[in-house]
Amino acid sequence: MDNFESELKNDSQENPQDDQSKEELPETDGKNDDIAADNGFSRSERRQNVFFALQNAEKPSEASCKIVFPEDFFWPDRPLKKEVGKGKMILAVTLTAVAVLLLTMLGLSMTLGKGWLKNALSGKDKLIEFTLPLNDRPQPTDQELVREDGRYTVQGLVEQVSDSVVSIVTFSFDNQIMQGQGSGIIMSQDGYILTNAHVVNQKDLPEIKVVLNDKTEYNAVVIGKDTRSDIAVLKIEATGLKPAVFGRSDQAKLGEEIVVIGCPAGLEGSVSEGVISGLDRDIHMSENDARTRCIQIDAAVNPGNSGGALFNMWGQVIGITTSKLSSTEYYGIGFAIEINEARPIIEAIMEYGCVPGQVRIGVTFYEIDEETAPQLNTYPGLYVVELDPDCDISNSGIKSGDTITEMDGVKVRSKKDVDELLKDKKPGESIKVKYIQSDSDGSELSTEFKLMDDSKSLVPAE
């Protein structure tokens, strides 16, 4: 050991330039020290440790003394060989693991929803972030348009009958101002249109336009109208139209599904659906002076629907939509004139332009029943408000303020009672009446007068 140490010293003395050159070598940047680090020691620290171990070790035998130094022991500036292949392998394995993890999380998100991880960590494994998938609508099948029993679905019915319903627009003042709107039903291929009388009953209507479902417009003329039943017939010069199919309204059932098609608020071809809420409703229409037997429905009926069609689910017109009970207290109450009720009137208008043979009394009155009479300190019956001087009743002795109690031996308390009595009467026939004078003690007087030829006779006072 002493010899080894002395030889190192001799080398140093014999080659001072070498030692000086070694000392003048620039310090390394530490990279090689880091690469050569072993057990937490840098290369320079390892050399010092080796010298220290040699100085303090026992002298070994020459045979067993063999010291092996790393190849960079005496050349600290020489870089180590990098294990390039091993580093690339570690990087590739890491990237592969990350990719597999990401794909796994993506698959779970698609299956369980985006919030599965959050819910799993919070313990709310039943809650998931859910995205509802939306699909394109398939082409309609026969079952989607027609039911097994032959009735249409709403969609199927609309596709079948929409071309049979039109919108009607009336103008005034040289065709510059729109006067009103309504709906109509095509009755024939050559252009006869059914609607309500009040739709075309305004004065001074220079033009009436009918708009078909395909937006084609025609000028229309009034063939005839009956304000009593609120029915009118128009004619347009067109051919090849699609007429509606009419059904028997007396076969309608309470609760039966129905569809209304018309032009409410100018919205052409509007559809509403509902059920029949009531049958044989005797309704006084605010637009005219008569009561009409109607079907009550809960489908939406609004201004502009008047004259439109009430369809059953077989695609048959069973009513003419004519009014809606407008009130802040009532909703979902609409009416349509029964087609059975309208049929003879339509036929008469088509043939004569009016309804011939309708009788006229010529009286305006209030309806007073037995319950109301004591409250008003009067008598049950028809309280006379006004008489038409052109009618024979004005010569009968009855005056304003009197109360008509009987007609032809039948008590009358309402317009419905009077209509029932007059339905089989003809103009020129006489009718016997009992009445109570306003200044009498309640005794009834009798009189008689002739019925006049007119469709506007009974006008209940508002």
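The values are calculated or read from the model by the stated rules, or taken from the named source; none is laboratory data. Here the structure is a predicted model, which is why all the values come from computation and not from measurement. Cβ placement follows ideal geometry from the backbone for every residue including glycine, while neighbour counts extend to all protein chains displayed.
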### Task
Confirm whether L387 is in contact (Cβ under 8 Å) with a residue 60 or more places away in the chain, under 19 Å from Q358 (Cα atoms) and either buried (at least 18 other Cβ atoms within 10 Å of the Cβ) or touching a Ser or Thr at 6+ places or on another chain (Cβ under 7 Å) (or both).
no
#### Entry: Long-range neighbours under 9 Å by Cβ, at least six apart or interchain, first residue within 20 Å of V260 (Cα to Cα) and assigned to a strand (DSSP E or B) within the stretch 168-192, second modelled with pLDDT of 90 or more and among the aromatic types (F, W, Y)
I185/F246; I186/Y192
### Query
Do you know which of the residues in the stretch 352-383 that are in contact with a helix residue (DSSP H, G or I) (Cβ under 9 Å, 6 or more places away or on another chain), among the hydrophobic types (A, V, I, L, M, F, W, C) and not in a loop (DSSP other than H, G, I, E, B) is nearest to E444 (Cα to Cα)?
L382
### Task
State the number of residues belonging to the stretch 390-432 that are among the hydroxyl-bearing types (S, T, Y) and assigned to a helix (DSSP H, G or I).
1
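Listed here are the residues, each with its yes/no results for (1) touching a Leu at 6+ places or on another chain (Cβ under 9 Å); (2) among the charged types (D, E, K, R).
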residue: N219; (1), (2): no, no
residue: D226; (1), (2): no, yes
residue: I231; (1), (2): yes, no
residue: K235; (1), (2): no, yes
residue: C263; (1), (2): no, no
residue: S272; (1), (2): no, no
### Message
Tell me the residue from S167, S109, S172 that is modelled with pLDDT of 85 or more and not assigned by TED's automatic domain parsing to the domain that holds S272, please.
### Response
S167
### Task
Give the residues of the stretch 421-462 that are surrounded by 13 or more Cβ atoms within 10 Å (Cβ to Cβ), at pLDDT below 90 and charged (D, E, K, R), sorted by residue number.
K425, D453, D454, K456
### Message
Report every pair of residues separated by at least 6 positions or lying on different chains whose Cβ atoms are under 9 Å apart, first residue within the stretch 253-274 and under 18 Å from C294 (Cα atoms), second surrounded by fewer than 17 Cβ atoms within 10 Å (Cβ to Cβ) and of a type in the set (D, E, K, R).
### Response
E257/R151
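Rundown of residues vs (1) free of Cβ contacts under 8 Å to residues at least 40 places away in the same chain; (2) more than 48 Å from the chain's Cα centre (by Cα), yes/no style:
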{"site": "L382", "(1), (2)": "yes, no"}
{"site": "S394", "(1), (2)": "yes, yes"}
{"site": "V412", "(1), (2)": "yes, no"}
{"site": "T447", "(1), (2)": "no, yes"}
